[in-house]
Amino acid sequence: MTFVRPKKHLGQHFLKDENIACKIVDSLDEKSVNILEIGAGMGVLTKYLIQKPDKNLFVIDIDRESIDYMKQHYPQLGDHLILGDCLQYNLHNLFSDSFSIIGNFPYNISSQILFKVLEYKDQIPEVIGMFQNEVALRIAAKSGSKTYGILSVLLQAFYEIEYLFKVDETVFVPPPKVKSAVIRLRRNEVLSLDCDEKLFKQIVKTAFNQRRKTLRNALKSIAIDNEYTSGELFNKRAEQLNVSDFIEITKHATKI
Ligand code: SAH
């Protein structure tokens, strides 16, 4: 097989710029040994990843054509090439301790990949990923910005997020309709939030689902102690709150 036919429904836009591929791979922390690449495509990142000595690399793709191509061009990967859906795959089968994730992610499932990262957060010290630029900006956004949202808060509770560089659509085949960007997530020191984490997530989601309303109105469906909701903080809107504000609110709420 000479190439993988790009399939739109799988978010296949293949990176053709070798310098950018190299730069993405070089953004990985030298110390990470276990690495999972999501979305092999035709292996433009894999090519640089396998050049790094002493790495334990697994590569997953949902497309049989991609995996067949990879088997032909990177036979040394052997059973570290996996045909599967990264969202469904039990990653504990691959790594028993920590692992980094890297990839030019399929844009149609990039948020779901990040929710999966959160699920495995205590095993994932680092993620280097190409995203649609808008999504990258949103994840990295700080409170007060219009693009700050659910994923920004949930991820920033556990990761430091760095916007690394913007990528033009012309470096992909076929070119996507949007600009892209590479970001890095690094696990922070927080082992657990000082509150019920499920409730925290629910509160963040509820607050942003009605982001134009003040918290007092947006969080009406959640049982929060009355004296607390009469305070100044509840005149604000979700996008004006940082992670620790949301933790404080969660501490004053009761699980329903
Ligand atoms: N890394 C390559 C490919 C990027 S395109 C490059 O930079 O050129 C995104 C890749 O993700 C495609 O190969 C696509 O088949 C794969 N993909 C899409 N959905 C997936 C899923 N759910 N699980 C694993 N891989 C997926």
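Quick note: the coordinates plus some simple rules give every number you see, no bench work behind them. All figures in this text were calculated on a predicted structure; none of them were measured in a lab.
Semi-axes of the equivalent ellipsoid of the chain are 38, 19, 15 Å, computed as sqrt(5λ) over the eigenvalues of the C-alpha gyration tensor in descending order.
When you restrict to C-alpha pairs under 8 Å that are six or more residues apart and normalise by the size of the chain, the relative contact order lands at 16 percent.
In the calculated pair-distance distribution of the stretch 68-134, the portion above 15 angstrom amounts to 59 percent of the Cα-Cα pairs. If you average the alpha carbon positions of the stretch 142-212 and of the stretch 53-67, how far apart do those two centres end up, in angstrom? Rounded to whole Å, the Cα centres lie 26 Å apart. Decide, for the stretch 197-251, between rounded, prolate and oblate: order the square roots of the alpha carbon gyration tensor eigenvalues as a ≥ b ≥ c, take rounded if a/c falls under 1.5, and otherwise choose prolate if a/b is larger than b/c, else oblate. Taking the square roots of the gyration eigenvalues as a ≥ b ≥ c, the stretch 197-251 is rounded.
When DSSP beta bridges are limited to those with both residues in the stretch 8-187, what percentage is antiparallel, rounded to the nearest 5? Intermediate results must be reported in sequence, preceding the final value.
Numbers: 17 of 32 bridges.
Antiparallel bridges: around 55 percent, rounded to the nearest 5.
Amide H contacts for N34 (H built 1.01 Å from N in the peptide plane; partners 5 or more residues away or on another chain; cut-off under 5 Å): N56, S100. Here the sum of -39500 (n - 2.57) over DSSP H runs of 4 or more residues, divided by the residues of the chain, equals -8000 deg cm²/dmol at 222 nm, to the nearest 500.
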